[in-house]
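Engineer: Dumping the structure here so I can ask a few things about it.
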Amino acid sequence: MTSFRKLSYLLTVAVWFGVGGAWGQRLPANARPEHYALAIAPDIANATFSGTETIDVTLAAAAKTITLNALDLKIQSATGNGQAATVSFDETKEQATFTFAQALPAGHVALAIAFTGILNDKLRGFYLSKTKARNYAVTQFESTDARRAFPCFDEPALKATFDVSLTVDMQDTVISNTNILTDKPAAGDKHTVTFATTPKMSTYLVAFLVGDFKCTKGQADDVPIRVCSTPDKVQLTPFALSAAEHFLSYYDSYFGIKYPMPKLDLIAIPDFEAGAMENFGAITYRETELLADDKDASIGAKKRVATVVAHEMAHQWFGDMVTMQWWDNLWLNEGFATWMESKAANEWHPDWGFPQDDADALNETLNDDSSRTTRTIRASAETPAQIAEMFDGIAYGKAGAVIGMIENWLGPQVFQQGVHSYLAAHLYANATAEDFWNAQTATSKQPVDKVMSSFVDKPGVPLLTFAEAKPAGVPVAQQRFFLDAPDNKPKEGAGWTIPVCVKNGGCSLVSGETPVLKASGAGTVPPLFYANAAEKGYYRVAYTPEQVKAITAAAETSLTVPERVGYLGDRWALTRAGQGSVGDYLDLALALKQDANAEVLDTTLNTIGQIRNRIATDEDRAKLNAVVRAQFGPVYAALGKEDDQESYDKQQIRSELYGALGEANDPAVLAHAKQIADDLFNGRKVTDSNMMESVAIAAETGDDAFYNRVQLVSQKADDPDLQEESLKLLTQFHSPVLAIRTLEYAVSGQVRNQDSWILLAIELSERDTRDLAWSWVQQHWDKVKAQFTTASGANVVSATGSFCTVARRNEVASFFATHKVEAAERTLAKALDSIDACIKLRDTQEPKLHAWLAEHAPAQ
């Protein structure tokens, strides 16, 4: 993906990392819940709710107090075994303590509570989701927001069973975790819907949703499956249903444990901050992550829906059935689901190129983890900010990549057996990192514990530096790799135990005690030495000049697509770290300009875009654009006229080249983009696959009338994907007047707060608008901050990492020192790291780029 497509993708990923609540303080250990009988009555019109519950609690010792979690709730009454309690709140810890005159005995206590609360607008807890037609009452509890809906023991290890009932308006339906047992009339033109008892589960996995949802029905392995949405979008649910049906059967077989719930619902919610949430049996989604037109949606949109559905369904086993003990091991949930989503989706549609997407994602993750500010996969998470910041690229991307590396080393069948053993040993319970890797160690008879502990408990990325092969093998040194450090030294940060799989040469473990990568198989090093077979290893590789020359010469014929993507990623990362020249990288990129795979082309073009935006002066930027036009223009022309029957990969290649040439101001592409945009907005039929890319290109020089048309589509489109993409297109209008208009629109209240931060972040990220946007954001901070929900503020802070001057770095640091953003401490540090790295990169490589362009740029 290039430019607009790439930025759109990265922001979609940022949405995923937004999953996660705000608070988490440990409860006293004396009381444990066993069962909740919960009855809720929402009043959607007045944005309130009332509820009663009886919690069956076991006390380890007699006590006069029971403390649990409660936030933004009013307790009307409380009794323990019939004895009335007084209630006190600790708002800092989000806890309510019930005190009894007489001590409650050890053992069983029935804690009965009546309470009221508000249906908030914060997209967390029990909240309002709005459409033009009506309001809905929906839930989002991960990580610690069930306490906003009912008093509870809101920690993942404090599992219990739940009986849930809701009394709602007669015309409304209710969806919860399990199947409906009864649906009876109630007073005041209402009805009460009662659900079957859940399995033992954590509070953050409870869900209930109220409204006029409509559903498409199916089944797999005798499990009823529904995909639900607001009534106007139900026609967009069949694709996700077909995906869910396939994945449920696949997971039943893979895990060797049948899906445990009586039904599975997948529900699209109009206002939803995260990408999706794995509530047990009632998975909730942002509309763009679940709804897609089965016939007309792009393959890219279908791939996104497929992977998100696969991710959340994998959680039904890995996260819901077996749950991490505490948030420090969040990676057990998110890393596994991130790895599994691609595996399952590729099994369903091997023609859609998921392995190469994984290689691209791995490059992004390795770069993220190579900054000065990173964290270990397993990290302390006790305070509110720490828990929220755990939902990041480390928990998802790095953990998923490490799991994939282990599977590649052990082999799919052995790894699968280890997964089954782990799940079977902890059904409906909680587990730790050690539980997972000990199961894999026992099953495989390999030192998985040693390998995984070195990656889970050690921060950063290993760099493996190889020498020329010797009879005994290939000498190798390891050190921690930093993107911004030309002085990476072998002695710094060594200590990983790494399974290194050589292409056509088997796998070996490399550690500080094994300075030579030993040959395997026939006992000789393969003629083409490539040290990351299938691109599954979580490390960067530095080869000798001779090895680089051989790999580059054979890349298109001897390396797989993921390996070519990874090789390009390694070469650019080393260049950023000062261990190479930008000119050498551009030579490599041009050598692969006719690669037959879109992801390889995307990797090269995206990096050229980074060089243009982060290294080049304005003069050199124009020269680099001329190189792109001269080198890639003929490749695009050779594709010929678009054919409705051409392969998905060829469509993607066409799109990548078209976008890159548009960015490089190719006159023919600019004219074509303007024509497509004119046709589109004048009601003429457009079948061009580059429609959205064309509008993005044309928007850069678009006028008010053009802007108005795009804005109208973003407001009126029925398709959520088109609506969201059109909203993002507003950021591509680069005239100062329209850029400011977009910023003002973002905070006007007319954009859902789930999306407003996206406009702000893109404007802060684009080279042509970031200075203007930064000044505007500072001047209008109160309006900007008012849009933030759980994680969106951190995403805006992250976008300031696009700057590349000392002056801007100091401004960012100074501003956020006095304008705190919730759960963004590490995010700010990473943004400042990014600016520092860019400054070093520009200082080091700008003269080299200038020299290369003097030799290679065509005459202007």
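The values are calculated or read from the model by the stated rules, or taken from the named source; none is laboratory data. The shown structure was predicted, so the numbers you read here are calculated from the model rather than taken from an experiment. Here the Cβ positions follow ideal geometry from the backbone for every residue, glycine too, while neighbour counts run over all protein chains shown. Just the protein is used for accessible areas: all its heavy atoms, side chains included, with ligands, DNA and RNA removed. Shrake-Rupley method; radii C 1.70, N 1.55, O 1.52, S 1.80 Å.
Engineer: Scan around GLY211 for amide H atoms under 5 Å from its own, H built in the peptide plane at 1.01 Å from N, and keep only partners 5 or more places away or cross-chain.
Structural biologist: THR173
Engineer: Shape call for region 728-843 from the C-alpha gyration tensor, a ≥ b ≥ c root eigenvalues: rounded (a/c under 1.5), prolate (a/b greater than b/c) or oblate? Please list the in-between numbers first.
Structural biologist: On the way: a/c = 1.91, a/b = 1.26, b/c = 1.51.
Cα axes put region 728-843 in the oblate bin.
Engineer: Work out how much length ALA424 to ASP221 would gain on full extension: take 0.36 nm times their residue separation and subtract the Cα-Cα distance, in nm to one decimal. Let's see the in-between values first.
Structural biologist: On the way: separation 203, 0.36 × 203 = 73.08 nm, distance 1.99 nm.
Result for the pair: 71.1 nm of gain on full extension.
Engineer: Further, regarding this structure: Would you mind working out the accessible area per residue for the chain, using a 1.4 Å probe, and quoting it in Å²? Numbers along the way, then the final one.
Structural biologist: Details: 30630 Å² over 860 residues.
I get 36 Å² per residue for the chain.
Engineer: Kindly point out, ordered by number, any Cys in the chain whose beta-carbon has no other cysteine beta-carbon under 4.7 Å away.
Structural biologist: Taking the Cβ cut-off of 4.7 Å, the unpaired cysteines of the chain are CYS152.
Engineer: Cα axis of helix 412-425 to longest principal axis of the chain: angle in degrees, 0 to 90, nearest 10?
Structural biologist: It is inclined by approximately 20 degrees.
Engineer: Still on this structure, I have one more. Using only Cα atoms, tell me the angle between helix 299-315 and the longest principal axis of the chain; keep it within 0 to 90° and round to the nearest 10.
Structural biologist: 40 degrees
Engineer: Mind listing the long-range amide H neighbours of GLU155? Cut-off is under 5 Å, sequence gap 5 or more, other chains count too, H placed in the peptide plane at 1.01 Å from N.
Structural biologist: Amide H neighbours of GLU155, under 5 Å, 5+ apart: THR203.
Engineer: Further question on the same structure: Tell me the mean residue ellipticity at 222 nm calculated for the chain from its helices only (DSSP H runs of n ≥ 4, each -39500 (n - 2.57), averaged over every residue, nearest 500).
Structural biologist: -14000 deg cm²/dmol
Engineer: Please work out the C-alpha center-to-center distance from region 123-159 to region 380-447 and express it in whole Å.
Structural biologist: 27 Å
Engineer: Read through the labelled values [x] 45, 33, 25; [y] 65, 41, 21; [z] 82, 37, 21 and report the label of the one computed as semi-axes √(5λ) of the Cα gyration tensor in Å from the structure.
Structural biologist: Answer label, from the structure shown: [x].
Engineer: Label-point separation (nm) for ASP90 and THR701, each offset 7 Å from Cα along Cα-to-Cβ?
Structural biologist: Going by the 7 Å Cα→Cβ label model, 6.4 nm.
Engineer: Now a separate question. What does the highest-first list of 151-162, 642-653, 817-828, 792-803 look like by mean Cβ count within 10 Å?
Structural biologist: Values: 151-162: 22.1, 642-653: 14.8, 817-828: 17.5, 792-803: 24.0.
Output ranking for 151-162, 642-653, 817-828, 792-803: 792-803, 151-162, 817-828, 642-653.
Engineer: If you don't mind, there's one more thing I want to ask. Report the net charge of residues surrounding PRO199, where surrounding means a beta-carbon distance below 10 angstrom and charges are Lys +1, Arg +1, Asp -1, Glu -1.
Structural biologist: On the way: positive: LYS159, LYS200; negative: ASP320.
So the environment of PRO199 carries a net charge of +1.
Engineer: By per-residue mean of other Cβ atoms within 10 Å, what is the highest-first order of 63-73, 505-515, 200-210? Don't skip to the end; give the middle numbers.
Structural biologist: Details: 63-73: 21.0, 505-515: 16.5, 200-210: 24.4.
The densest-packed peptide leads the list: 200-210, 63-73, 505-515.
Engineer: Could you tell me how many degrees, from 0 to 90 and to the nearest 10, lie between the Cα long axis of helix 753-765 and the main elongation axis, the longest principal axis, of the Cα atoms of the chain?
Structural biologist: 20 degrees
Engineer: Report the local net charge at THR116: Lys and Arg +1, Asp and Glu -1, summed over other residues whose C-beta lies under 13 Å from its C-beta. Working shown, then result.
Structural biologist: Numbers: positive: LYS74, ARG148; negative: ASP43, GLU53, ASP72.
Surrounding charge for THR116 is -1.
Engineer: For an R0 of 60 angstrom, estimate the FRET efficiency from the Cβ-Cβ distance between LYS200 and ASN810 and round to the nearest 0.05. List each step's numbers first, then the result.
Structural biologist: Working: r = 52 Å, r/R0 = 0.87.
Calculated value: 0.70.
Engineer: Okay, moving on. Rounded to the nearest percent, how much of the accessible area of the chain (1.4 Å probe, protein heavy atoms only) is carbon and sulfur?
Structural biologist: Values: 15980 of 30630 Å².
Percent of accessible area from carbon and sulfur atoms in the chain: 52.
Engineer: Using the per-residue mean of other Cβ atoms lying within 10 Å as a proxy for protection, in what order, highest first, do the peptides 302-313, 363-374, 86-97 fall? It would help to have the intermediate numbers written out before the result.
Structural biologist: Numbers: 302-313: 24.5, 363-374: 19.8, 86-97: 15.7.
Ranking the peptides 302-313, 363-374, 86-97 by packing returns 302-313, 363-374, 86-97.
Engineer: Could you name the lysines whose alpha carbon sits less than 25 Å from that of LYS830, not counting residues in the same chain fewer than 8 places away?
Structural biologist: Within the straight-line limit of under 25 Å, LYS830 reaches these lysines: LYS6, LYS398, LYS458, LYS489, LYS491, LYS728, LYS783, LYS785, LYS820, LYS840.
Engineer: First select every other residue whose beta carbon is under 11 angstrom from the beta carbon of MET340; then total the charges, Lys and Arg +1, Asp and Glu -1. Walk me through the numbers on the way to the answer.
Structural biologist: Details: positive: LYS343; negative: GLU312, GLU334, GLU341, GLU347, GLU407.
Cβ neighbours under 11 Å give a net charge of -4.
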